[in-house]
Amino acid sequence: MKDRKDGGKKEKFPHRMWIKAAGIVLGACLCFGLGVILFVITNRDTKIQKEENSSQAQTVEQQAVPAVKEEQKEMESDTGVKMEKAVVPEKIVKTKDSLYTYEEMKEDLNALSEYFPDQITVRSLGVTADKREIPEVILGDPDSDCHLLIQASIHGREYMNTQILMCQLEDFLRNYENGIYEGMTYRDLLNGLCLHLIPMANPDGVTISQMGLDGIQTEECRAFLQQCYESDQADGVDMSEYWSSWKANARGVDLNRNFDIGWEEFAGCEHPSSERFKGEAPASEAEVQAILQIQEEYPVKGCIAYHSSGSLVYWDYGSEGAVYEQDRLLAQMAGEVTGYALHSTVADGTDLAGCSDYFVLQLGIPAVTIENGTGRCPLSVEELPDLLERNHKLYGDEVALVELNPT
């Protein structure tokens, strides 16, 4: 994320089963585990007794569903024969290298929707300046009172986070039906919880970082980006890795500076640029509007933002009271799981402008920013196995969350 510096008394939770549920989901994949942690934190004073919700399937069906599901239903209706589930390939999400493109993500989302049609829904949250859709993955009960938002790659050059989040999604889906913990399926463990994932919040920016102007689809955007290049060059910006280090969207707006928090105070760049231009107005960009749309439509209880790099967990945005305590617990758990150091944005004196700042200070919703990786962005392919392995190491009984169980 780089605009930010790169780099107790234990709470008692009355619901032991939900602590264990959070642990096993956390073991399945980091993001979803953190989501369940937030569920525990924000609902620890509420009695959790969820019955099977028969409307869940109906609600999901009302969302945008891959055509393959409808075709299967028509064929079953015409023939009267229930079709067997397709055999899931050994691996869907591509990890052969770190250049994970927007097109590859879409292809993998289509495949995951085809092989796990009853578990996830994929819909579009909007269209970018260069005519790319912003996909959202919905996993869990849309009628739940607890919704959690996880977004990655809001900065173009930090696109390895998309690959990590997609791998975590695949791992979770593979265990969704058959994974058992103390007699409960993973499906049951997610009762009362709905996750909203934006694997690539800035698809134009990612494409620019990966391919430069060659990846741009419209003449209008290509001409505009050339103007950004010339303006930055005139400002004395190092142009040696200009396109690959691109952070902004195709309109030259740094999306993590486009939220309505600290917007007036943030100086940044005065013109559209590869980074640090906050835009013409708060939430002026389609990508930021897509993130806010989820919060407007659902009762979001927490937000997790994946950035790179520094191996840090940012928290403490200046909140007080219950939100501060929830944010502290979330940050501590995230730090224990990832092994990353916790950094207070207040103590570090970082800019008060960003997605997590907005959720905490404007909406009163706990949020953390996880900075994955150690190198300069775009992260080298050599870092990918280690970052993926961090998630795999979470399998088993050694789950940090169980230490929070009251004795």
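The values are calculated or read from the model by the stated rules, or taken from the named source; none is laboratory data. What you are looking at is a predicted structure, and each value in this text was computed from that prediction instead of being measured. For neighbour counting, all protein chains shown are included, and Cβ atoms are generated from backbone atoms with ideal geometry for every residue, glycine included. In case anyone asks, the SASA skips ligands and DNA or RNA and just uses the protein heavy atoms, side chains included. Shrake-Rupley method; radii C 1.70, N 1.55, O 1.52, S 1.80 Å.
Using unit Cβ charges (K, R positive; D, E negative) and no other charged atoms, how large, in debye to the nearest 20, is the dipole of the stretch 165-235 about its Cα centre?
Details: 3 positive and 12 negative charges, 64 e Å.
That gives the stretch 165-235 a dipole magnitude of about 300 debye.
Bin all alpha-carbon pair distances of the stretch 198-291 at 10 Å intervals from 0 and give each bin's fraction as a whole percent.
Whole-percent P(r) values from 0 Å outward: 17, 51, 29, 3.
With a cut-off of at most 10 other beta carbons within 10 Å, and DSSP calling the residue loop, which GluC sites (Glu not before Pro) in the stretch 128-226 qualify? Please list them.
Details: sites: GLU133, GLU136, GLU158, GLU170, GLU177, GLU182, GLU219, GLU220; in loops: GLU177, GLU182.
The qualifying sites are GLU182.
Write out the GluC sites (Glu not before Pro) in the stretch 227-308 meeting two conditions: DSSP loop, and at most 15 other Cβ atoms within 10 Å of their Cβ. Numbers along the way, then the final one.
Details: sites: GLU230, GLU241, GLU264, GLU265, GLU270, GLU275, GLU280, GLU285, GLU287, GLU296, GLU297; in loops: GLU241, GLU264, GLU265, GLU270, GLU275, GLU280, GLU285.
Here the sparse-neighbourhood loop sites are GLU241, GLU264, GLU265, GLU270, GLU280.
Find out how many positive minus negative residues lie around GLN210, taking Lys and Arg as positive, Asp and Glu as negative, among other residues whose Cβ is under 14 Å from that of GLN210. Write out the running numbers ahead of the final one.
Working: positive: LYS94, ARG132, ARG157, LYS247; negative: ASP97, GLU103, GLU104, ASP130, GLU158, ASP204, ASP214, GLU241.
Computed value for this residue: -4.
For the stretch 209-313, what % of the accessible area comes from carbon and sulfur atoms, probe 1.4 Å?
Here carbon and sulfur together make up 44 percent of the probe-accessible area.
Tell me the net charge near LYS131. Cut-off is 14 Å between Cβ atoms, LYS131 excluded, with +1 for each Lys or Arg and -1 for each Asp or Glu.
Taking every other residue near LYS131 into account, the sum is -3.
Using alpha carbons only, how many angstrom separate the centre of the stretch 270-320 from the centre of the stretch 328-350?
17
Excluding LEU195 itself, what net charge comes from residues whose Cβ is under 15 Å from its Cβ, given Lys and Arg +1 and Asp and Glu -1?
Details: positive: ARG123, ARG187, LYS301; negative: GLU136, ASP141, ASP143, ASP145, GLU170, ASP171, GLU297.
Residues close to LEU195 contribute a combined charge of -4.
Kindly report, to the nearest 10 Å², the accessible surface of ASP235 as traced by a 1.4 Å probe over protein heavy atoms only.
90
Determine which residues of the stretch 358-388 fall in the zone a paramagnetic label at GLU241 would reach in this model, i.e. backbone nitrogen under 14 Å from the point 7 Å along Cα→Cβ.
Counting only backbone N, you get 374-383.
Multiply the residue separation of ALA267 and ALA347 by 0.36 nm, subtract the distance between their alpha-carbon atoms, and state the gained length in nm to one decimal.
Values: separation 80, 0.36 × 80 = 28.80 nm, distance 2.02 nm.
In short, 26.8 nm is gained.
Loop-only check: which chymotrypsin sites (Phe, Trp or Tyr not before Pro) in the stretch 153-260 are DSSP coil with at most 16 other Cβ within 10 angstrom? Show your work: numbers first, answer last.
On the way: sites: TYR159, PHE172, TYR176, TYR181, TYR186, PHE224, TYR229, TYR242, TRP243, TRP246, PHE259; in loops: TYR159, TYR242, TRP243, TRP246, PHE259.
Answer in residue order: TYR242.
Identify the residues of the stretch 287-301 with backbone N under 17 Å of a label point that sits 7 angstrom from the Cα of ASP143 along the Cα-to-Cβ direction, or state none.
In the stretch 287-301, the label zone of ASP143 (backbone N under 17 Å from the point 7 Å along Cα→Cβ) covers 298-299.
From a point 7 Å beyond the Cα of GLN233 in the direction of its Cβ, which residues of the stretch 247-279 have a backbone N at a distance under 18 Å?
Within reach of a label on GLN233, which here means backbone N under 18 Å from a point 7 Å along Cα→Cβ, the stretch 247-279 contributes 252, 271-275.
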